[in-house]
Amino acid sequence: MSRAFRRYGVVTVILTALALCSTVDAQTPPASNDQKEPRFLVYFDEFSAFLNNEAKTVITEAAKRARETGAHRIVVQARASATGTAQTNMYLAQTRSSIVADQLEADGIPRSMIQQQPIGQTGSSDPTVYNRRVDIIVEP
């Protein structure tokens, strides 16, 4: 096997494992006692604010949890990786925040309950999925 092919295989395995872990984490709030509010994670492709079916499912679950628990506020914190300029990443975070807030509203959450916090660029120039996300925090 060529070195490039082996490297590609290793990267593919790592990305698949991360995707599986993030899918579980994205759909269920952390069990940690340190975190009082449920947190739902929505991940995006690089330089994208498109909601795929998995992202829509996570947002629907967050809206459902908010209704079931009688939450008073939902905080939408949007991030972008440090790939690109800080200004572009802030705009991307604002766009991601708005897209998620719109979907929460479509899922029955009043706009007055949603607080958007576009954080912008986080992390290093490593374009990993961890920094390309929106955290939906359901507050009691």
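Report the gain in length on full extension from F50 to H72: 0.36 nm times residue separation, minus Cα-Cα distance, nm rounded to one decimal.
My answer for the length gained is 5.2 nm.
Would you mind putting 112-118, 76-82, 101-107, 48-54 in packing order, based on average other-beta-carbon counts within 10 Å, highest first?
Most protected by this proxy first, the peptides run 76-82, 101-107, 112-118, 48-54.
How long, wide and thick is segment 64-140, going by the Cα atoms along their three principal axes, in whole angstroms, largest first?
So the three principal-axis extents are 39, 17, 15 Å.
Would you kindly derive the ³J(HN,Hα) couplings of segment 55-72 from the backbone phi angles with the Karplus curve 6.51 cos²θ - 1.76 cosθ + 1.60 (θ = phi - 60°), listing them in order in whole Hz, with x for Gly and Pro?
After applying 6.51 cos²θ - 1.76 cosθ + 1.60, I find 5, 5, 5, 4, 5, 4, 5, 5, 4, 4, 4, 4, 5, 5, 9, x, 4, 9 Hz.
Each value in this text was obtained by applying a stated rule to the coordinates, not by laboratory testing. Just so you know, these numbers come straight off a predicted model, no measurement behind them. Because the Cβ atoms are built from the backbone with ideal geometry, glycine has one as well, and the counts that use them run over all protein chains shown.
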